[in-house]
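What follows is calculated from the coordinates using simple rules that are stated; it is not laboratory data. What you are looking at is a predicted structure, and each value in this text was computed from that prediction instead of being measured. Counting neighbours? That spans all protein chains shown, and the Cβs are built from the backbone with ideal geometry, glycine included.
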Amino acid sequence: MGIFTIILPEIFLFLSSTLLLMVGLFYRRINIINLLTFLLIIFTAVLVIYQPSSFGFNNSFVNDEFSKTIKVLILIGSASTLLMFSSSRRKLNIDIYEFPILISFASLGMMVMVSSNDLLAMFIGLELQSLSLYVLASLNRNSLQSSESGIKYFILGALSSGLLLFGVSYIYGFTGNTNFSLISATYDKDSLGLLIGIVFVCSGLAFKVSAVPFHMWTPDVYQGAPTPVTGFFALAPKVAAVALFLRFLYSSFGETAADWQQIIIFLSIASMIFAAFAAIAQSNIKRLMAYSSIGHIGYILIGMACFNFEGVQSLIIYLIIYLVMNVSVFSFILMMKRKDEYCENIDDLSGLYRHNPFYAILIALSMFSLAGIPPLAGFFGKFYIFMSAIKNDLYLLAVVGIVASVVSAFYYLRIVKIIYFDEPSEKFDEFNSSSLNLIFFISSGIVILFFVYPSPILNIGNYAAKTFF
Amino acid sequence: MIHSIVLLPLFGFVISCLFSFFKSDQTIDRITQIVTSLFISISAILSFYLFVINLSDPQVYKFTLFTWITSGDLSVNWSLYIDAVTRVMLVVITSVSALVHIYSIGYMSHDDSKPRFMGYLSLFTFAMIMLVTADNFLQLFFGWEGVGLASYLLIGFWYKKPSANAAAIKAFIVNRVGDFGLALGIFTIYMVFGSIDYQVVFENAEKFNETNFNFIGYDINAITLICFLLFIGAMGKSAQLFLHTWLPDAMEGPTPVSALIHAATMVTAGVFLVVRCSPLFDLSVEASSFVTLVGASTAFFAATIGLVQNDIKRVIAYSTCSQLGYMFFAAGLGAYGAAMFHLFTHAFFKALLFLGAGSVIHSVHEEQDIRKMGGIYIFTPLTHAMMVVGTISLMGFPFTSGFYSKDAIIEAAYLSDAMFSNYAYFLGTLGVVMTSFYSWRLMFLTFNGNTRMEEQKFREVHESPYVMLIPLFILAIGALSFGYIFKSYFIGGASVEFWDHSIAIHHHEHHHIPFLIYYLPAMLGILGFIIAWYMYLKNTKLPAAVASLNEPLYKFLLNKWYFDELYQYVFVIPARGIGKFFWKIIDGYFIDGFGPNGIASMVLKISEKARSIQTGFIYHYAFSILIGLSFLITYFIFVI
């Protein structure tokens, strides 16, 4: 039994999801299935929190402060997605009971990713997650867009998995090991072959976090996939992939940090700048959020490039704030309905201020926060990231980051301008979904009031960052 | 007591500011007029009391209110420093200001924004008091700029009149030239002395007598440089030659303003500055000679222009300019007491003349051209009488105030053997004839002879109300008697005790002044009167004949020696050209084009490009991934 306590939450999630899949076959009450999945995800999160730090399976699976923090974040993201799903499933033509099950399998894959300390475990987790996501993206089979986005994601995902595996084989070939700890103990620093392996693996992972130039799938998939799925994409997989990326580089290749830092810096700068400019020309809000998430990945990669305690700490803080802001925005997007039809264009927001001043101010504040305007949470996220960059003499990253956030302020503020100053369009339907309202108010409350009592989130960052330094 | 002298005008200003936010109506106007006038009157009475009790047994009062700036070695306090010079200034400022406040109740009775007017007047008074009660150069500068601001606001008080706005801006800009000199002077003082406190500076002045200071590449004696720079400031504020052009235009403001600011008080700030810094000016022969030269030239130059002007207020304005020249050359010759004495008496008779002119303008329905007046003394006997008092005092008729003070200056020029003293004596004496001539010309054209007004209007001429006349009576008392009463304190036997080291006093051995020289100015004044009488009452065709005989000279004088035109070509047009160049080419084309607008349009272009990369074709996406990968690998192969 002893060894199984290490993966107790994962086993619990796997068994119960499988069971729910069976139940669902005969008992097609999607509400109930969804609720049960929600509860079991919450219960898994509790299990994760109370799990002792440990490792096992030949040191290929670890539970430490970092993995526990990230897992809880992932599970929160998944749980929010289920709430979004429950309110929109009928209208969006995704009224099938597999949705919650797929979410929980994806979560399981991500949990394995986060805990993996071995190239193979990493790949298993990654693929379990990716397969679930491919299906989720094309869930609305009747929609051309949804199917197209699923296909695109699948093909490009397969390509990136191939690159990743190729890199893994290089690394194995040049070190003779697959375990992160053993790799770091044995590898030859000057080996170019190993470096090429790292580049390949990084490319594969950069695809998962959607860093430029491996980001191309993101806008299409975000726009095409059903909105709750898009929300899920923005929330959980990003967090998991960032965590895996970080553990892969930090645990196995801490000694050659100077080399792979170049890769991360390149990805970071490219993502920040490209996202800032490309987003300006968008008119669909989901597509806009895709570019926004690419940009945020750029900032997160700054924290990763720092390779020290402050860097990881600021990265964790940024991830948490990013998650909260996205929950707020996506729960609102799901409330944008007119005559029971979903609106996705930015211009549809015009006149929101006239009809719903309260929601207007909350969404405007969320936008200000995404743009990084004090004293909202988004500002502090960026602030800690830039501070750690400057402490580590990564001035270029800090300067580019600030310039990019100035440019990106344009498209966030444009939304505020449309809400407040444009000629009002028709009124939205009543915002009466209680589950969406719940997560919208909680998340925007955190965004707005973060500065009043920031220490819990800062402490979490502190707690998680201890793992590596 | 001293605090209330200073603070009452400030309260008056604040209260009328608050009231000016209300919709103007009878009660509010009345309240602000009464409150501000009352406050200033109390202030004036207290100042006069303070002046009188310290006549023979002077004291120096010094209060530090609070620290203003502390920065490194620089430490500046807000303080009230009251010695003899300040007391004289306080009497002049507060009493003239109080009378002008009261006078304005009548003069501005048809105006729509009375609280604003009264507020500006009080603001001016407060700033002027701050200027004279300073114990350091920075507070002086604060007051200096404060009066400049109030002057600007008041000249442009009728802001709907374009000419008033233009005049206000002109006054402000010309003063800026002087203020720049003053600021540089203060900086130099700080660099040389390490302090800007009067006490420190004046006590240590002699130590730095030999110090040289590098200024734009030249080694100049530090004290001389400081005095030059301070005097440039004084020239601006006191409208001396080259920086005088704003003063006549400033007559666009309401007449009480001209009386208060542009005759009695603010324009004398320059004289005050020179007298205040007399320990410094005394050490620099060069600077003092320069002061004499400029003062004497202005005294003559402004008088010549005054001869031919036709606007009642402009004549008096040039007269002011000229009289300020007298004060300066007295100061330049070291006769600081005489300069202050003339400042003191001039304030009363010039304010009297201006307020009298205001009363005339009020009587003849806002007409200012003296060629369109004449013969109105029948209707305005009291105003006429008061103007006569002011005029005889200005021309220096024996035993009036102007007689004592102007004589003292001309005597000082006669006795002095400093550089330019003969020049000053000659021009000053010549100026006396002209002063008398243009003053009486003004009087005769306005009040006597046959009227040149339209009959309808002429019949409607009326005497001004008593609220305007009573201030005239009070000023007339000053214009007649103050010279006699205070001459021994200012320049006579009691002067050493009276000034109590607040100014530098020179003890000439008492030369005997020939009787003829002593009474020469008075006689020349009478000569001027006779010429004016002959030309404008007796033989009224003569002026036109003289003018046509000396056509170029007449034009030259009428156009004020073409100073405005000269400045237009030398400064204004090139400055406008440079401004246009920077506006259109540098800012509009280069900075906006490549800066905000350029970047903004570039961002849009880039974002269009970035969007077009997103083709939707899956092989493009895969291509992008592979390009990124190969870029990274290539990079590492070549770098490592």
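Placing unit charges on the Cβ atoms only, positive for Lys and Arg and negative for Asp and Glu, gives segment A:281-469 a dipole magnitude near 320 debye about its Cα centre.
Considering only A:S147, B:V192, A:Q282, the residue lying farthest towards the positive end of the dipole of the protein assembly as shown is A:S147, judged by Cα position with unit charges set on Cβ. log10 I(q)/I(0), Debye, Cα-only segment A:37-166, no solvent, q = 0.18, 0.19, 0.20 Å⁻¹? Per q value, in the given order, log10 I(q)/I(0) is -1.03, -1.10, -1.17. Counting only lysines at least 8 places from B:K237 when in the same chain, those with an alpha carbon closer than 20 Å to its own are B:K170, B:K313, B:K350, B:K560. Here the Kirkwood formula puts the hydrodynamic radius of segment B:553-630 at 18.1 Å, using every distinct Cα pair. Annotation for A:D340 and A:N31: the two label points, set 7 Å from Cα along the Cα-Cβ direction, are 1.7 nm apart.
Over all residues in A:206-215, what is the mean tally of Cβ atoms on other chains that come within 10 Å of each residue's Cβ?
Values: counts 4, 2, 0, 0, 0, 1, 3, 11, 6, 5.
Whole-number average of other-chain Cβ neighbours for A:206-215 is 3.
Based on Cα contacts under 8 Å between residues 6+ apart, segment A:281-469 shows a relative contact order of 36 percent.
Give the residue from B:L283, B:H244, B:S258 lying farthest towards the positive end of the charge dipole for segment B:216-336; charges sit on Cβ (+1 for Lys and Arg, -1 for Asp and Glu) and the dipole is referred to the Cα centre. Towards the positive end, the residue furthest out is B:S258. For chain A, the orientation-averaged shadow of the C-alpha convex hull comes to 20.4 nm² (one quarter of the hull surface). Considering only A:F421, A:G401, A:G176, the residue lying farthest towards the positive end of the dipole of the protein assembly as shown is A:F421, judged by Cα position with unit charges set on Cβ. Calculated on the alpha-carbon coordinates, the convex hull of segment A:281-469 measures out at 109 cubic angstrom per residue.
Could you work out the equivalent-ellipsoid semi-axes for chain B, taking the square root of 5 times each eigenvalue of the Cα gyration tensor, largest first, in whole Å?
Working: eigenvalues 525, 209, 141 Å².
Semi-axis lengths for chain B are 51, 32, 27 Å.
Taking the Cβ of B:W499 as the centre, find all other residues whose Cβ is under 11 Å away and add up their charges (Lys, Arg: +1; Asp, Glu: -1). Don't jump to the answer; show the numbers that get you there.
On the way: positive: B:R87; negative: B:D83, B:E497, B:D500.
So the surrounding residues net to -2.
Pairs of Cα atoms in segment A:369-429 fall into 5 Å distance bins, from 0 up to the last occupied one, in shares of 4, 17, 19, 20, 13, 10, 7, 5, 3, 2, 0 percent.
Here is the size of segment B:57-106 from its Cα atoms: Rg then Dmax, 16.1, 52 Å. Among the chymotrypsin sites (Phe, Trp or Tyr not before Pro) within segment A:290-381, not one is in coil by DSSP while having at most 15 neighbouring Cβ atoms inside 10 Å. Packing order of peptides B:430-442, B:101-113, B:195-207, highest average first: B:430-442, B:101-113, B:195-207 (average count of other Cβ atoms within 10 Å over each peptide's residues).
The mean count of C-beta atoms from other chains within 10 Å of the C-beta of residues in B:619-625, rounded to a whole number, is 6. For the protein assembly as shown, the dipole from Cβ point charges (+1 on Lys and Arg, -1 on Asp and Glu) about the Cα centre works out to 2420 debye, to the nearest 20.
For chain B, the relative contact order comes to 12 percent (Cα pairs under 8 Å, sequence separation of at least 6). The local environment of B:T345, defined by Cβ-Cβ distances under 12 Å, has a net charge of +2 under the rule Lys, Arg +1 and Asp, Glu -1. Divide the volume of the convex hull around the Cα atoms of segment B:1-133 by the residue count and you get 103 Å³ per residue.
What does the charge add up to near B:G428, with Lys and Arg as +1, Asp and Glu as -1, over the other residues with Cβ less than 13 Å from its Cβ? Each step should come with its number before you reach the end.
On the way: positive: B:K406; negative: B:D407, B:E411.
Summing Lys/Arg as +1 and Asp/Glu as -1 gives -1.
Once you divide the Cα radius of gyration of the protein assembly as shown by 2.2 N^0.38 Å, the number left is 1.40. Across segment B:1-73, C-alpha contacts under 8 Å between residues 6 or more apart give a mean separation that, scaled by the residue count, equals a relative contact order of 41 percent. Specify the inter-centroid distance of segment A:317-389 and segment B:44-94, based on alpha-carbon positions, in whole Å. Measuring centre to centre over Cα atoms gives 62 Å. Packing, as the average of other Cβ atoms within 10 Å across residues, places the peptides A:346-352, B:278-284, A:141-147 in the order B:278-284, A:346-352, A:141-147, highest first.
Can you give me the C-alpha center-to-center distance between segment B:512-537 and segment B:417-449, rounded to a whole angstrom? Taking the Cα centre of each part, segment B:512-537 and segment B:417-449 sit 10 Å apart. Calculated from the alpha-carbon coordinates, segment B:63-186 shows an Rg and a Dmax of 16.5, 53 Å respectively. Centroid-to-centroid, using Cα positions, segment B:451-496 and segment A:406-425 are 68 Å apart. Partner shielding of A:196-202 amounts to 3, given as the average count of beta-carbon atoms from other chains within 10 Å of each residue beta-carbon. Computed from the C-alpha gyration tensor, the three semi-axes of the ellipsoid equivalent to segment B:138-197 are 30, 11, 4 Å, from longest to shortest.
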